[in-house]
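The values are calculated or read from the model by the stated rules, or taken from the named source; none is laboratory data. Being a predicted model, the structure only gives us computed values, none of them experimental. Counting neighbours? That spans all protein chains shown, and the Cβs are built from the backbone with ideal geometry, glycine included.
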Amino acid sequence: MPELAHEFNVIINGQPAPPDLVRNLTEIVVDDSLYLPDMFTLRIHDSDLVWVDAGILSVGTEVEIWATAADQGAQPGASGRLIQGEITALAPNFGVGAPTLTVRGYDRSHRLHRGKKSRSFLQATDSEVAQRIAQAARLRSQVDATPVVHEYLFQDNQTDLEFLQARAQNIGYQVYVKDKTLYFVKRESEQEQGPELEWGRNLRDFRPRLSTMNQVDEVIVRGWDPQRKEEIVSRASESQIAPHVGVAESGAELAQRAFGAAA
């Protein structure tokens, strides 16, 4: 049987949502994003105008949404949490039909997206800057220490998350928010095994595409050492973290064999 989520639980401030609220829920949407805050939307039938002014749904309230797959309903611990976030917007709708209330919220990384800033960090490491930004956003922080003390780092009209993502990319780190903690940590070459997806079982639509356009067989990175007054050159001809997709050849090798050139 397909693994379709057929049961859900909404937790508000650590407590299950009231039964009356659950009965009036008409839609739950959770939107996952890699580089933007995850979002949730609850749409509530509110014909008696009970929930539009309910304090339980005030802005800033913590919300968790859990789901259970259809063929795992009988297994204890089979539920999975889809999102933990906080309410950021309330939108009542008084149309021709019954009134509804739309509750929208994001995971706590939205706090790092609230406005672009231009400022300098003086005599600080990247990890110290990440800790300062996390503290200002009222988030816990877990960081891997970075050794280089920068004379200054400039945040140039960027959100806090844009700035941290740029710094993380520059030094081979990754940055993300999980629950109430900001992570600024080294990027692991070996990632944890992800979910297994099978077309026809838990994958509804699958459209793979093989292309040999814009392949490269070597990457050359050049820099300059201002102290030694000499050029820095590094070459890489093979990825160490390329995904295995059942194709023996890399894209560059396939293009080279078929057309005599990688690009």
Checking the structure you have, find out if any residue of the range 176-184 is more than 30 Å from residue 66 (Cα to Cα) and among the polar types (S, T, N, Q).
no
Please specify each residue of the range 134-174 satisfying the condition of being acidic (Asp, Glu), over 16 Å from the mean Cα position of the chain (by Cα) and under 13 Å from residue 121 (Cα atoms).
151, 156
Residue pairs qualifying under the 6 Å Cβ cut-off, at least six apart or on distinct chains, with the first in the range 79-105 being more than 21 Å from residue 64 (Cα to Cα) and the second being of a type in the set (Ser, Thr, Tyr), are 93/100; 98/47
Quickly run through the range 35-55 and pick out the residues that are surrounded by fewer than 14 Cβ atoms within 10 Å (Cβ to Cβ) and in contact with a strand residue (DSSP E or B) (Cβ under 6 Å, 6 or more places away or on another chain).
none
Among the listed residues 177, 149, which satisfies the condition of being touching a Phe, Trp or Tyr at 6+ places or on another chain (Cβ under 8 Å), surrounded by 10 or more Cβ atoms within 10 Å (Cβ to Cβ), farther than 30 Å from residue 246 by Cα and among the β-branched types (Val, Ile, Thr)?
177
Would you mention how many residues in the range 207-227 are touching a Gly at 6+ places or on another chain (Cβ under 9 Å) and at pLDDT 85 or above?
0
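Here's the yes/no breakdown for (1) assigned by TED's automatic domain parsing to the domain that holds residue 14; (2) part of a loop (DSSP other than H, G, I, E, B); (3) modelled with pLDDT of 95 or more; (4) within 28 Å of residue 169 (Cβ to Cβ):
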residue	(1), (2), (3), (4)
40	yes, no, yes, yes
53	yes, yes, no, no
68	yes, no, no, no
78	yes, yes, no, no
101	yes, no, no, no
131	no, no, yes, yes
146	no, yes, no, yes
151	no, no, no, yes
In the range 127-174, what residues are farther than 26 Å from residue 86 by Cα and of a type in the set (A, V, I, L, M)?
145, 148, 149, 153, 171
Every residue from the range 80-99 that is in a strand (DSSP E or B) and either of a type in the set (A, V, I, L, M, F, W, C) or surrounded by fewer than 14 Cβ atoms within 10 Å (Cβ to Cβ) (or both):
80, 81, 82, 83, 87, 89, 90, 91, 93
Which ones in the range 153-177 are in a helix (DSSP H, G or I) and aliphatic (A, V, I, L, M)?
161, 164, 166, 168, 171
Of the candidates 139, 101, the one satisfying the condition of being within 21 Å of residue 32 (Cα to Cα) and of a type outside the set (D, E, K, R) is 139
Do you know which residues across the range 110-120 are of a type outside the set (S, T, N, Q) and surrounded by fewer than 18 Cβ atoms within 10 Å (Cβ to Cβ)?
113, 114, 115, 116, 117, 119
